[in-house]
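**Student:** First the structure, which I've put down as structure tokens, then a few questions once you've had a look.
What follows is calculated from the coordinates using simple rules that are stated; it is not laboratory data. Given the structure is predicted, the values throughout are model-derived calculations rather than measurements. With ideal geometry, Cβ positions are generated from the backbone for all residues, glycine too; neighbour counts draw on all protein chains shown.
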Amino acid sequence: MADSGRSAVIDLHIHSTASDGTLSPAAVVAAAAVAGLDVMALTDHDTLAGWDEAFAACPSGLTIVPGLELSCVYQGGEGQRPISVHLLGYLVDPSHPGLVAELCRLRTERSRRGEKIVEKLVAAGLPISWDRVREFAAGASIGRPHVGRALVEAGVVASVDEAFVELLSAAGPYYVRKADLDAVAGVQLIAAAGGVSVFAHPAAGRRGRVVDEAAITALAQVGLCGIEVDHPDHLPAERDDLRILAADLGLVATGSSDFHGTNKVNRLGQHTTDPSAYHELMAGACGSRPYAG
Ligand code: AMP
Ligand code: FE
Ligand code: FE
Ligand code: ZN
């Protein structure tokens, strides 16, 4: 924790090579310490595989909150198209059978869908291969950024960010949906595993369609604990609106970087969570504990 007189620097959304970040769990922990973080949450997509390595590398003075980012989908009313929703889950029990089974299913689904995206890109004449994408992933929970790295290596685009402009865009011709977990079931699964859930980047419209306030309200009614208000993909006005919504719904407002190493431009600690919000959030969880180095 922070020395007295200074507020703790808390970043609750960080990725490693266990999913689509570019730093290993040990390296991301070291980078967090160098960046001056007091608390970091490891939140890889649909996997807890980075936890143990992160704990083993945790230096004195840093606290690691074990977490995940669960791929969900919000099914609106009749006639409405489903919308991708990412739920951050903190302090879940890593041996909870229902959670373990769902994460396994989601990773299998990520792999199936990644291969389909690559097939479409190859059919369009782009010089990449599924084998090469799997090498970039190296056993991780596969995501579009791994395909992006193959596109960069092949010289098709200059950066992973550029790959997302068209080739990997959810609105583009090569996109393939994955069968994500229903968002209501996602909130309930995280709670059943003893964790607390936070709606990740709810207003990040640059990535695709976003849900309305009614959807967030519905998730709050089934046990959602917080909203990620301060996030690099949110405009200042969106943050203001989300902060008001969080207060109205009695949800904790968090702030985070969504750091992915060089796969994204976000910096560690780019946005942070207020210590009182952090403590309020963690008090609701019992599936595992923060790891203090
Ligand atoms: P997927 O999980 O396979 O659907 O891919 C989505 C992931 O790609 C998200 O976790 C984002 O972190 C990442 N992503 C989205 N947009 C970009 C971008 N412009 N540049 C780099 N990574 C991105
Ligand atoms: Fe990601
Ligand atoms: Fe996300
Ligand atoms: Zn993320």
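**Student:** What is the magnitude of the charge dipole of region 117-168 about its Cα centre, with +1 placed on the Cβ of each Lys and Arg, -1 on the Cβ of each Asp and Glu, and no other charges, expressed in debye to the nearest 20? Numbers along the way, then the final one.
**Tutor:** On the way: 5 positive and 7 negative charges, 27 e Å.
Magnitude of the dipole: close to 120 debye.
**Student:** With +1 on each Lys and Arg Cβ and -1 on each Asp and Glu Cβ, and nothing else charged, work out how big the dipole of the chain is about its Cα centre, in Debye to the nearest 20.
**Tutor:** Dipole about the Cα centre, nearest 20: 700 debye.
**Student:** If the cut-off is 14 Å between C-alpha atoms, which aspartates and glutamates fall inside it for Lys178, apart from same-chain ones fewer than 8 positions away?
**Tutor:** Candidates past the 8-residue exclusion: Asp46, Glu102, Glu109, Glu115.
**Student:** Residues with amide H under 5 Å of Val252's amide H, sequence separation 5 or more or different chain, H placed in the peptide plane at 1.01 Å from N; which?
**Tutor:** Gly226, Ile227
**Student:** Can I ask one more? Dimensions of the chain along principal axes (Cα, Å, largest first)?
**Tutor:** Between the extreme Cα coordinates on each principal axis of the chain lie 58, 47, 40 Å.
**Student:** Also: In whole Å and largest first, what semi-axes does the C-alpha gyration tensor of region 205-293 yield when each eigenvalue is scaled by 5 and square-rooted? Don't skip to the answer; put the middle values down first.
**Tutor:** Numbers: eigenvalues 85, 85, 30 Å².
The three semi-axes for region 205-293 are 21, 21, 12 Å.
**Student:** Rounded to the nearest angstrom and ordered from largest down, what semi-axes does the equivalent ellipsoid of region 117-168 get from its C-alpha gyration tensor (root of 5λ)?
**Tutor:** Calculated on Cα positions only, the semi-axes equal 15, 13, 10 Å.
**Student:** I'd like the FRET efficiency for Asp52 and Arg105, computed as 1/(1 + (r/R0)^6) with the beta carbon distance as r and R0 of 22 Å, rounded to 0.05.
**Tutor:** My answer for the efficiency is 0.50.
**Student:** Going by average Cβ neighbours within 10 Å, how do the peptides 37-48, 211-222 rank, with the highest at the top?
**Tutor:** 37-48, 211-222
**Student:** Work out, in µm²/s and without decimals, the Stokes-Einstein translational diffusion coefficient of region 54-182 at 37 °C, 0.692 mPa s, Rh from Kirkwood over C-alpha pairs.
**Tutor:** Reported coefficient: 198 µm²/s.
**Student:** Let me ask something additional. In percent, how large is the relative contact order of the chain, given Cα pairs closer than 8 Å and 6 or more residues apart?
**Tutor:** Relative contact order comes out at 25 percent.
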